[in-house]
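One structure below.
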Amino acid sequence: MILALALLLQAVPAEEPVDPYPVSNANAGTTPIRDPALWRAFHGREGVGRVVDGMVDRVQKDPRIADIFKGHDLVRLRRVLREHFCHVLGGGCDYTGRTMRDAHKDMGVQQADMGALIENLQASMRAEGVPFHAQNRFLAKLAPMRRDVVQR
Ligand code: HEM
């Protein structure tokens, strides 16, 4: 039994610790969209999980921005991005990650990098079968965050 538990723990990829910060849904950088139809359009938590995984998989293969993600804790990134998207899309999740400004500081993200990431997110939403108008409602909520992500 103990051996089985130890093997299971080994199989679950671990997150690296980060410096302490105040945890708050306010860190998500926006308020949730409250529209059950939109949440359904993303196929609930499972759909959002697939959209996040698809996006993280894609950015790692995108030669325009792959280097930016190298060396970062992608286990944590997938988890907090799932929370973030679920929170913003009105799925009732709490966001436990850092603010957009703190998460991206000193990363040197440029406007073109932002465009590339959004293209990967769009491809991932398309693969999930999220209707175009629902994609755009979500993207419109994320758009103002560029001022905390992009450095000039
Ligand atoms: C509106 C657009 C974006 C949103 C909503 C977003 C969201 C997030 C979230 C929720 C985190 C995790 C925060 C945490 O660990 O506490 C994160 C981290 C990260 N983001 Fe973004 N992001 C955006 C744009 C970008 C862009 C354009 C890039 C680069 C092309 C990028 C690269 C990263 C990287 C590398 C991390 C990991 C940071 C670390 O390990 O400390 N993000 N992002």
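The values are calculated or read from the model by the stated rules, or taken from the named source; none is laboratory data. Treat the numbers as computed from the prediction; the structure is a model and nothing was measured. When we count neighbours, we look across all protein chains shown, and the Cβ atoms used for this are built from the backbone with ideal geometry, even at glycine. Surface areas here come from the heavy atoms of the whole protein model, side chains and all, with no ligands, DNA or RNA. Shrake-Rupley method; radii C 1.70, N 1.55, O 1.52, S 1.80 Å.
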Practice prompt. Exactly one condition in (1) within 21 Å of PRO144 (Cα to Cα); (2) at pLDDT below 95 is not met by ILE33; state its number.
Written response: (2)
Item to complete: Assess whether MET145 counts as being within 9 Å of the ligand (Cβ to nearest atom), farther than 20 Å from ASP35 by Cβ and within 14 Å of the chain's Cα centre (by Cα).
Response: no
Worksheet item: Using beta carbons and a limit of 8 Å, which pairs, at least six apart or on different chains, have the first residue in region 140-152 and open to solvent by 30 Å² or more (accessible area, probe 1.4 Å) and acidic (Asp, Glu) and the second one more than 7 Å from the ligand (Cβ to nearest atom) and assigned to a helix (DSSP H, G or I)?
Response: ASP148/ARG101
Practice prompt. Restricting attention to region 26-42, report how many residues are open to solvent by less than 50 Å² (accessible area, probe 1.4 Å), part of a helix (DSSP H, G or I) and within 13 Å of HIS84 (Cβ to Cβ).
Written response: 2
Worksheet, complete the sentence: When region 82-106 is checked residue by residue, the ones that are more than 17 Å from PRO20 (Cα to Cα), near the ligand (Cβ under 10 Å from one of its atoms) and modelled with pLDDT of 95 or more are ARG82, GLU83, HIS84, PHE85, HIS87, VAL88
Worksheet entry | Hits in region 43-64 - residues which are more than 21 Å from ALA116 (Cβ to Cβ), open to solvent by 30 Å² or more (accessible area, probe 1.4 Å) and either touching a residue at least 40 places away in the same chain (Cβ under 8 Å) or within 9 Å of the ligand (Cβ to nearest atom) (or both) | HIS43, ARG45
Worksheet item: Has region 115-127 got at least one residue that is farther than 19 Å from ARG146 by Cα, crowded, with 17+ Cβ neighbours inside 10 Å and either more than 8 Å from the ligand (Cβ to nearest atom) or without any contact (Cβ under 8 Å) to a residue 60 or more places away in the chain (or both)?
Response: yes
